[in-house]
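Okay, so here's the structure we're looking at.
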Amino acid sequence: MTYDILITSATLPDGTTTDIGITGDKITALATDLPRDAGQIIDATGDLVAPPFVDPHFHLDAALSYGTPRINASGTLLEGIDLWGELRDIATVDEMVERALTYCDWAVSMGLLAIRSHVDTTPDHLNTVTAMLEVQRIVKPYLDLQLVAFPQDGLYRSKTGRENVIRALDMGVNVVGGIPHFERTMEDGRASVKDLCEIAADRGLMVDLHCDETDDPMSRHIETLAYETQRLGLQGRVAGSHLTSMHSMDNYYVSKLLPLIAEVGVSAIPNPLINIVLQGRHDTYPKRRGLTRVKEMQAMGIPVGWGQDCVRDPWYSLGTGDMLDVAFMGLHVAQMTSPAEMRRCFDMVTQVNAQIIGLDGYGIYEGATASLQILDASDPIEAVRLRAERLCVISKGNVVSTKPRPNATLSLPDRPGHVARRHQA
Ligand code: FE2
């Protein structure tokens, strides 16, 4: 046999049509009219075939814990942090592993095959780290799980905050996280950014900080993050997650800030589902929704990806693991409504996110890792509009999930017997 799997007549995100030959865990051929000689042939005529979704910002240690030990009554970020502070000390490693594996099952069924998860390093027992490293090992054959050492309560607010970040990195976590706006003072926040970037530089690691997740327009740790990135030569290895204070910053200051971020190659990861729920909680009206300046950053060439952040946890009671939900919400909140902008929202949850977290072999080209998805949509915009069903998901050369098309059977007088959600094709 020429191929293990042959996908015929695939429509790629750029609109070209091609067959895709897969051998082992690699895409080995990409052309029209490939020989129909394969262990499995999948007809994708009229369907969008895209590389898998990538979530660059998630909290897998807390996922699917909603209601344990209680719900977040106020719905605020701070009550969520308090609630998580209770849960992380009573949840066992086994419970966290089981919840995380269930979430990874959901993710795979949604074509989400790479996740960067922040892991809370605050408690000295580091059960969260032990659990997430175990999950990373188990899912490795089918899902790329990247872990970030994340001092949820601040690097300097607890006696062992810094020490535990180092311990987590020594255990095998390989991205440096932080939360400068949650340190006791602006000065401590600034110092934490410098400290964390130096740790990353010493160890040759990437950096991804929860940065300025606040409505305070004076929270400007992103400026320090950009400065330290330049000073330490970390260009292309640093991301600022959330950046919600930028929503409220003075326009003149932002006109100086964005060129600095662009110059040093820092990426941005807004999380629209969560930011619009958590921000503006101190406002009367108008109520800010706190999304960072997505289109303005993109216009400067800054990589901006959509992250998911939370699914059924102390901060967010909803969520499904569907990055198309994230793109759909981001499109609305950032008002990315032109055809090019809607398309870009799909790119943000695929190739831009892959670039931000540094995934190797990602995409659909000869020699790429054979991970892709077939969607019940004609193109990326329709995929976002429908949050299109993932008909088939292939991870590293194996079919890992299949679903039927979600068309309805109608019983109406003088109307067709079936209705399809797709409008084109
Ligand atoms: Fe987060």
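Pick from Ile394, Ile364, Ile381: which is within 18 Å of Ala327 (Cβ to Cβ) and either modelled with pLDDT of 95 or more or in contact with a Leu (Cβ under 6 Å, 6 or more places away or on another chain) (or both)? After ruling out the rest, the residue left standing is Ile381. Taking residues in segment 323-344 that are at positive phi, and partners anywhere that are assigned to a helix (DSSP H, G or I) and modelled with pLDDT of 95 or more, the pairs with Cβ atoms closer than 9 Å and at least 6 places apart or on different chains are Gln335/Lys295; Gln335/Glu341. Tallying residues that are surrounded by 12 or more Cβ atoms within 10 Å (Cβ to Cβ) and part of a loop (DSSP other than H, G, I, E, B) within segment 2-23 yields 3. Considering the conditions (1) closer than 23 Å to Glu79 by Cα; (2) in contact with a Gly (Cβ under 9 Å, 6 or more places away or on another chain); (3) surrounded by fewer than 23 Cβ atoms within 10 Å (Cβ to Cβ), Arg157 is excluded by exactly one of them, (2).
Once segment 139-152 is narrowed to residues that are away from the ligand (no atom under 16 Å from the Cβ) and either buried (at least 24 other Cβ atoms within 10 Å of the Cβ) or in contact (Cβ under 8 Å) with a residue 40 or more places away in the chain (or both), the residue that is farthest from Gln308 (Cα to Cα) is Pro141. Cβ separations smaller than 7 Å between residues 6+ apart or across chains give the following pairs from segment 405-420 residues that are free of Cβ contacts under 8 Å to residues at least 40 places away in the same chain and in a loop (DSSP other than H, G, I, E, B) to residues that are surrounded by 10 or more Cβ atoms within 10 Å (Cβ to Cβ) and of a type in the set (A, V, I, L, M, F, W, C): Arg405/Leu391; Asn407/Val419; Asn407/Ala420; Leu410/Val419; Pro416/Leu410; Gly417/Leu410. Only a single criterion out of (1) assigned to a helix (DSSP H, G or I); (2) closer than 30 Å to Asp376 by Cα; (3) within 16 Å of the ligand (Cβ to nearest atom); (4) not polar (S, T, N, Q) is not satisfied by Met132, namely (2).
Entry remark, segment 26-58: residues being more than 16 Å from the ligand (Cβ to nearest atom), in a strand (DSSP E or B) and acidic (Asp, Glu) number 1 in total. Screening the candidates Leu196, Leu169 for the property of being within 16 Å of the ligand (Cβ to nearest atom), of a type outside the set (D, E, K, R) and part of a helix (DSSP H, G or I) yields one hit, Leu196. In segment 305-335, the residue that is farthest from the chain's Cα centre (by Cα) out of those that are away from the ligand (no atom under 16 Å from the Cβ) and crowded, with 19+ Cβ neighbours inside 10 Å is Ala334.
One residue is enough: does segment 287-299 have a residue meeting the conditions touching a Ser or Thr at 6+ places or on another chain (Cβ under 7 Å) and within 14 Å of the ligand (Cβ to nearest atom)? Yes: segment 287-299 contains one or more residues that are touching a Ser or Thr at 6+ places or on another chain (Cβ under 7 Å) and within 14 Å of the ligand (Cβ to nearest atom). Filtered by the rule that a residue be free of Cβ contacts under 8 Å to residues at least 60 places away in the same chain and within 11 Å of Asn174 (Cα to Cα), segment 200-215 gives Ala200, Arg203, Gly204, Leu205, Val207. The lone criterion from (1) of a type in the set (A, V, I, L, M, F, W, C); (2) more than 16 Å from the ligand (Cβ to nearest atom); (3) surrounded by 23 or more Cβ atoms within 10 Å (Cβ to Cβ) left unmet by Leu278 is number (2).
For segment 208-260, a tally of residues being away from the ligand (no atom under 16 Å from the Cβ), of a type in the set (Val, Ile, Thr) and either in a loop (DSSP other than H, G, I, E, B) or over 18 Å from Gly177 (Cα atoms) (or both) returns 1. With respect to Arg421, is the statement that it is at pLDDT below 95 and over 28 Å from Gly265 (Cα atoms) true? Here the answer is yes, as Arg421 does meet what is asked. Residue under question is Arg99, and the condition is that it be among the charged types (D, E, K, R), in contact with a Gly (Cβ under 9 Å, 6 or more places away or on another chain) and crowded, with 21+ Cβ neighbours inside 10 Å; does it hold? No; evaluated as a whole, the condition is false for this residue.
The values are calculated or read from the model by the stated rules, or taken from the named source; none is laboratory data. Being a predicted model, the structure only gives us computed values, none of them experimental. Reconstructed Cβ throughout: ideal geometry from the backbone, glycine too, with neighbour counts over all protein chains shown.
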